[in-house]
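Q: Below is the structure I would like to discuss, written out as structure tokens.
The values are calculated or read from the model by the stated rules, or taken from the named source; none is laboratory data. Not measured: the values here are computed from a predicted model. Don't worry about glycine lacking a Cβ; one is built from the backbone with ideal geometry, like all the others, and counts go over all protein chains shown. To get the accessible areas, we keep the full protein, side chains included, count just its heavy atoms, and leave off ligands, DNA and RNA. Shrake-Rupley method; radii C 1.70, N 1.55, O 1.52, S 1.80 Å.
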Amino acid sequence: MITIIVGTNRPDAISRKLAEQYAEMLLQKFQQPTQLLDLQELPIDFISTALYEHTGKNEAFNAVSSLISHSDKFIFVLPEYNGSFPGVLKAFIDGLAYPNTFRNKKAAMVAISNGTQGGLLAMSHLTDIFNYLGMHVLANKVRIPQIHQHFNEGRVTTPFYLELLEAQAGQFLSF
């Protein structure tokens, strides 16, 4: 199973819309179903009720965590926040069972930003974490800088970026 993770809990996030578009592309072009995990679905209090000595005690967090444990591949859609990825994603990762949640599993990354770097640092930081956790990260990482110039009516519309996303998806399926 492939899980697409929306790397923020921001309401009405472009990341969510891009994740939905990616899932649609995988289904239509490659007949590959996916499941979507939006970090907005995390319990609001998970940092104080599901981490550290509270591991396994928050049923709502456990349900979200179960989605992760039953997946072999992940696509992370990352907005760039302050030169990295959102802290809620790091807190979520920290709440998952260590060391085996991501070990020997596979990930692809798509990053977006308002700036000109397109989330390059966000992907670099997350790649370092996944390397530490033993996850294999696809080298083909798509970044979309100045996202508002390439996004209309809830979708990426620039042909160049659509081609990059499709190429990445094809590689990821055989990765």
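Q: Using only alpha carbon pairs under 8 Å that are at least six residues apart, calculate the relative contact order of the range 1-128 and give it in whole percent.
A: Answer for the range 1-128 is 29 percent.
Q: Does the range 1-89 come out rounded, prolate or oblate, given a ≥ b ≥ c as the square roots of the eigenvalues of its C-alpha gyration tensor, rounded meaning a/c under 1.5 and, failing that, prolate meaning a/b above b/c?
A: Oblate is the answer for the range 1-89, as a/c is 1.5 or above yet b/c matches or exceeds a/b.
Q: Can you compute the modelled spin-label distance between THR49 and THR116, with each label point 7 Å from Cα toward Cβ, in nm?
A: For THR49 paired with THR116, the spin-label model returns 4.6 nm.
Q: Using the beta-carbon distance between GLN35 and ASP12 and R0 = 22 Å, what value does 1/(1 + (r/R0)^6) give for FRET efficiency, to the nearest 0.05?
A: Step by step, r from the Cβ atoms, then E = 0.60.
Q: How much mean residue ellipticity at 222 nm does the chain get from its helices, if each DSSP H run of length 4 or more adds -39500 (n - 2.57) and you divide by all residues, to the nearest 500 deg cm²/dmol?
A: Helix-only estimate at 222 nm: -12500 deg cm²/dmol.
Q: Can you work out the base-10 log of I(q)/I(0) for the range 2-43 at q = 0.18, 0.24 1/Å, using the Debye formula on its C-alpha atoms alone?
A: So the normalised log intensities are -0.47, -0.75.
Q: Moving on to the next point. Testing the spin-label approximation: label points 7 Å from Cα along Cα→Cβ at ASN82 and ASP94. State their distance in nm.
A: Spacing of the two 7 Å Cα→Cβ label points: 1.3 nm.
Q: Ranked from the most accessible area to the least, with a 1.4 Å probe and all protein chains present, what is the order of TYR52, TYR81?
A: Correct descending sequence by accessible area is TYR52, TYR81.
Q: On to the next question. Pull out a ≥ b ≥ c, the square roots of the eigenvalues of the alpha-carbon gyration tensor of the range 74-175, then state rounded if a/c is under 1.5, prolate if not and a/b is larger than b/c, and oblate in the remaining case.
A: Oblate, because a/c is 1.5 or more while a/b does not exceed b/c.
Q: Mind giving me the nanometre distance, one decimal, between the label points for ASN104 and ASN62, set 7 Å out from Cα along Cα→Cβ?
A: 2.6
Q: Determine ³J(HN,Hα), in whole Hz, for all residues of the range 68-77 in sequence, where each value follows from phi through the Karplus function 6.51 cos²θ - 1.76 cosθ + 1.60 and θ = phi - 60°; x replaces Gly and Pro.
A: My calculation for the range 68-77 gives 5, 5, 9, 10, 9, 9, 9, 10, 9, 9 Hz in order.
Q: I need two numbers for the chain: Rg to one decimal and Dmax as a whole number, Cα atoms only, in Å.
A: When restricted to Cα atoms, the chain yields Rg and Dmax of 15.4, 48 Å.
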